[in-house]
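Have a look at the structure below, then the notes.
The values are calculated or read from the model by the stated rules, or taken from the named source; none is laboratory data. Please read all numbers here as calculations on a predicted model, not as lab measurements. Please note: Cβ atoms are built from the backbone with ideal geometry, for glycine as well, and neighbour counts cover all protein chains shown.
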Amino acid sequence: MTCDSARELISPLLDAELDAVQASEVERHMQTCVACAELKFEYLQLRERVRADAPYYSATEELRARIDRALRQAASAEDRPRAPWGWIAFASAAGFAAALLLAFVLGPNFFHSERAGGDLIAQEVVSSHVRSLMAGHLIDVRSSDQHTVKPWFAGKLDFSPKVKDLAPQGYGLTGGRLDYLDGRPVAGLVFQRRQHVINLFVWPSQAQSGSRLSTFAITGFNIVHWSEAGLTYWAVSDLNAAELREFAQLYSE
Amino acid sequence: MADTIAFAQFEKAVMPHLHAAYNLARWLLRDHHDAEDAVQDAYLRAFRFFDSFDGVDARAWLLAIVRNRCRSVLGQSSRRADVAEFDERVHTADDSVSGPESGALRNAEILSLRTCIDHLPAEYREVVILRELEQMSYKEIAVAAAVPVGTVMSRLARARIRLKDCITARVRGVAR
């Protein structure tokens with residue numbers, strides 16, 4: 001083994017990250033090479049010193065409490081609209097049956113929940129996506145520049161959607177258009193992943209706190225929904241669910 | 001209710017790594033308040049994306065999110081992003097390292113090491129912290145830092161050479 005290649009392997013040797021063959025080769029080299037043996041000694045000293053002297057900054061109890069509060073708030077913000085269904089699901093079987101009967105008697109609107117509303121919107125989102133591809137009305141403003149697309153919406157909408165180009169991550173912005181969903185004009189942003197078109201619909205929502213990603217699949221289309229900073233986001237595509245979810249994560253970052 | 005279960009699972013898997021999260025953020029941002037804010041943001045984000053956690057290594061998964069938060073904070077304020085604009089005063093006016101036992105020389109040693117780590121570029125600093133203070137394997141660091149294992153190896157080796165040189169230079173500087 002040459003000195004150069006040995007030098008590169010001393011650091012992983014000390015971290016126990018070399019396989020047995022490589023490790024014994026480096027060790028053998030150091031038996032005859034003073035410079036490399038010295039380097040190993042210096043690395044060892046450095047490691048001891050860093051472990052002993054570099055402060056480990058621990059989180060304070062205040063931070064723990066603060067995060068705990070914020071998480072509970074975020075969790076309950078999501079739970080609330082679904083609370084009736086949640087309770088029913090965890091009630092006794094008899095209670096569950098009774099509740100179902102009640103729901104049947106009172107009609108579906110009585111237990112109308114955000115989830116049901118969400119499913120309706122998901123349907124609308126898919127229809128809008130399909131229509132945009134069929135009618136050839138995918139894009140009103142064609143640009144891969146977020147600084148062109150975002151101002152285009154000004155004056156057409158009463159809110160300003162976040163516009164982010166994810167071309168470096170493989171989700172290139174191709175443009176935007178106006179659409180109509182959930183009884184209001186919304187921003188439609190169009191992205192391209194290989195041969196797949198992603199429509200991202202954005203409009204204001206009542207919920208001020210953010211929500212976790214939820215995924216739906218309707219007639220072969222994948223849908224990812226989340227909300228943050230007072231806006232609700234619906235991404236829809238025939239792209240596979242994992243990549244669409246990745247897109248949503250990148251977008252909300 | 002499903003979310004209540006998700007919340008309990010999240011707490012169990014992710015809350016134990018709060019110290020690791022703060023330690024990394026504190027080293028990357030070099031500021032207590034910024035680090036606390038970044039960690040809180042990271043936790044909320046982690047909670048929102050908890051579905052994407054594969055259940056294997058919650059610490060590496062969380063630290064990847066913390067690191068991303070820190071990166072975007074650093075990106076927003078180029079003031080702090082640049083190592084050249086590194087503020088030496090922050091490091092001299094910190095009493096967290098002085099205990100009753102430690103003498104002035106010892107303090108100087110500790111300060112000098114810390115300054116050298118702080119002077120490392122962020123991508124070197126993070127691998128050093130994750131390796132030496134969290135004692136993570138290269139594979140775990142690769143997850144947290146979102147780079148291949150080979151990159152972890154070469155970054156660590158380079159970081160160590162820089163650290164070694166920095167410490168040596170400071171010792172000479174003091175002796176002169």
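Of the residues making up region B:1-33, those that are in a helix (DSSP H, G or I) and under 23 Å from the mean Cα position of the chain (by Cα) number 22.
Scanning region A:152-183 for residues that are of a type in the set (D, E, K, R) and either in a helix (DSSP H, G or I) or at pLDDT 85 or above (or both) yields A:Asp158, A:Lys162, A:Lys164, A:Asp165, A:Arg177, A:Asp179.
Only strands (runs of 3 or more DSSP E) whose full extent lies in region A:197-253 are considered here, and the ones with at least 1 residues that are within 11 Å of the chain's Cα centre (by Cα) are A:211-218, A:221-228. Does A:Lys162 satisfy the criteria of being surrounded by fewer than 18 Cβ atoms within 10 Å (Cβ to Cβ), closer than 29 Å to B:Ala38 by Cα and not aromatic (Phe, Trp, Tyr)? Spelling it out, A:Lys162 is indeed surrounded by fewer than 18 Cβ atoms within 10 Å (Cβ to Cβ), closer than 29 Å to B:Ala38 by Cα and not aromatic (Phe, Trp, Tyr). Restricting attention to region A:168-207, the residues that are touching a residue at least 40 places away in the same chain (Cβ under 8 Å) and either under 28 Å from B:Ala42 (Cβ atoms) or not assigned by TED's automatic domain parsing to the domain that holds A:Phe247 (or both) add up to 12. Residues in region A:7-48 that are within 12 Å of another protein chain (Cβ to nearest Cβ) and touching a residue at least 12 places away in the same chain (Cβ under 8 Å): A:Arg7, A:Leu9, A:Ile10, A:Ser11, A:Leu13, A:Leu14, A:Gln22, A:Leu39, A:Lys40, A:Tyr43, A:Leu44, A:Arg47. Considering A:Val149, A:Val190, the condition of being assigned to a helix (DSSP H, G or I) and at pLDDT 80 or above is satisfied by A:Val149 alone. For region A:111-120, the condition of being out of contact with any Gly (no Cβ under 7 Å at 6 or more places or on another chain), at pLDDT 85 or above and closer than 24 Å to A:Ile218 by Cβ holds for none of the residues.
Only one of the numbered conditions (1) modelled with pLDDT of 75 or more; (2) surrounded by 15 or more Cβ atoms within 10 Å (Cβ to Cβ) is not met by B:His91, and that is (1). Among residues that are away from chain A (no Cβ under 12 Å), crowded, with 20+ Cβ neighbours inside 10 Å and touching a helix residue (DSSP H, G or I) at 6+ places or on another chain (Cβ under 9 Å), B:Ala60 is included. Evaluating B:Arg48 against the criteria (1) more than 9 Å from chain A (Cβ to nearest Cβ); (2) among the basic types (Lys, Arg); (3) farther than 25 Å from B:Ser137 by Cβ leaves one unmet condition, (1).
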